[in-house]
Amino acid sequence: MQGKIIKGIAGFYYVNVVESIVYECKAKGAFRKEKRKPLVGDNVEIDILDEAERKGNITEILERKNELIRPAVANIDQALVVFAVTKPKPHLNLLDRFLVMMERSQIPVVLCFNKKDLAGEKEIQELYEIYKGTGYPIVFVSAFTQENVKEIQELLRGKTTAIAGPSGVGKSSLINTLQSNVSMETGSISEKIERGKHTTRHSELIEIDRETYIMDTPGFSSLYTNDFEKEELKEFFPEFQNCEEVCRFQGCDHIHEPDCAVKAAVEKGIIHPKRYESYQELYQELKERKRY
C-alpha cells in the first residue's frame, strides 16, 4: 500500500493513505544500515501489521523530487512565503533570504503578504513594485477578513506547499483559514497524531483538500544562506537573469564591474533598488565569511 508521511516523531511515522486513513508506522531496520531516513513529505510503501489499530511498517521510500535540510522535509511542490504588509513591517533582507533559499533548492515560490486589512494602498503598492520583477505570483491577503484567501487556495490546489515566514506575520491564522473546510475525518487524524507522547512540535503535513497538502514548518523561521559561494548568489535573483548576457564581462558579479547590465537595470527602475541593496548586503556577507 502506498501513502505519504504527514508527520514523523520519536521513530514513529504517520502515513496518510487513500480516503484519509492514517497508519502509525515504524521504518524497517535496513534504512538505518543504508543511512536513509524517512522524511515528512516522503511517498512510501507500507505493510499493514494491524488493520484495526492502524499500525504498519514502512518497507520502501519512493524516489524524492527534492528535499530540504532545515527543516528536514521532502517532495515540496512550492513554498508559500508569508510576510505581513504591516505590523510588523516586513524585514526585506530577511524576506530576500527566504527567496534565495527557495531558489537554491529549486522550489517555486508564491509570495503572500498578510494583514492587508491593516495596510494602506501605498504600503501595498510599494511591496508590489519591489517584487513584481521576480516573476513570483504575489497575493495580498487578510486572514482576518478572508480577503483573497480563495486565490491562495487555488494556487495550492493539487500541490504540497511548505508555508514559510517569520513569527508574528499571521501564519497560524492563515493556516487555520486554509484548513477551515477540512472534513471531520481529517480532524480525527490530528487527534490520533497528537495523542500521548507524540506531541512535540515538528514539521507536519495537513491535508486541506484531495491531494492538496500544506506543511507547517517551524524550522523555517531560522535561515542559513551562507553555505554557498558569493559568485553563486546572482543565480538566485530571478530578475537578474535577463541581464547576464548583456554585461560587458562574462561572469560579472554585478558589484564593481563597469558596464554592468544589472546596475543599468536598477538605474532604469527595471530591477528595484531595494532588491539590489539586499543582493549587495548578502554578497558582502558571503565575501566576509570566505575571508575568515
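Of all residues being modelled with pLDDT under 95 and either more than 30 Å from G168 (Cα to Cα) or small (G, A, S) (or both) in segment 64-85, which is surrounded by the most Cβ atoms within 10 Å (Cβ to Cβ)? Just the residue, please.
This residue is A79.
So that you can scan it fast, the table gives a plain yes or no per residue for (1) at pLDDT 70 or above; (2) within 21 Å of the chain's Cα centre (by Cα); (3) surrounded by fewer than 19 Cβ atoms within 10 Å (Cβ to Cβ); (4) outside any loop (DSSP other than H, G, I, E, B):
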position: T186; (1), (2), (3), (4): no, no, yes, yes
position: K192; (1), (2), (3), (4): no, no, yes, yes
position: Y224; (1), (2), (3), (4): no, yes, yes, no
position: K274; (1), (2), (3), (4): yes, no, yes, yes
position: E277; (1), (2), (3), (4): yes, no, yes, yes
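Restricting attention to segment 30-71, which residues are assigned to a strand (DSSP E or B), of a type in the set (D, E, K, R) and farther than 21 Å from S105 by Cβ?
Of the residues in segment 30-71, the ones assigned to a strand (DSSP E or B) are 40, 43-50, 55-61, 67-68.
Narrowing further to those that are of a type in the set (D, E, K, R): 45, 47, 50, 55, 60, 67.
Scanning segment 30-71 gives E45, D47, D50, K55, E60.
List pairs: first in segment 108-123 and closer than 13 Å to V169 by Cα, second small (G, A, S) and assigned to a helix (DSSP H, G or I), Cβ under 8 Å, 6+ apart or cross-chain?
The qualifying pairs are N114/S173.
Which residue out of F144, F113 is in the same structural domain as I206 (by TED's automatic domain parsing), touching an Asp or Glu at 6+ places or on another chain (Cβ under 8 Å), outside any helix (DSSP H, G or I) and aromatic (F, W, Y)? Steps first, please.
On the way: F113 fails: touching an Asp or Glu at 6+ places or on another chain (Cβ under 8 Å).
Answer to the selection: F144.
When L49 is evaluated against the numbered criteria (1) farther than 30 Å from I124 by Cβ; (2) of a type outside the set (F, W, Y); (3) surrounded by 15 or more Cβ atoms within 10 Å (Cβ to Cβ); (4) touching a Cys at 6+ places or on another chain (Cβ under 9 Å), which criterion, by number, is the only one it fails?
(3)
Do you know which residues across segment 124-138 are under 16 Å from V169 (Cα atoms) and crowded, with 20+ Cβ neighbours inside 10 Å?
L127 - this is the single residue of segment 124-138 that is under 16 Å from V169 (Cα atoms) and crowded, with 20+ Cβ neighbours inside 10 Å.
The values are calculated or read from the model by the stated rules, or taken from the named source; none is laboratory data. All figures in this text were calculated on a predicted structure; none of them were measured in a lab. FYI the Cβ positions are ideal-geometry reconstructions off the backbone, even for glycines, and counts take in every protein chain you see.
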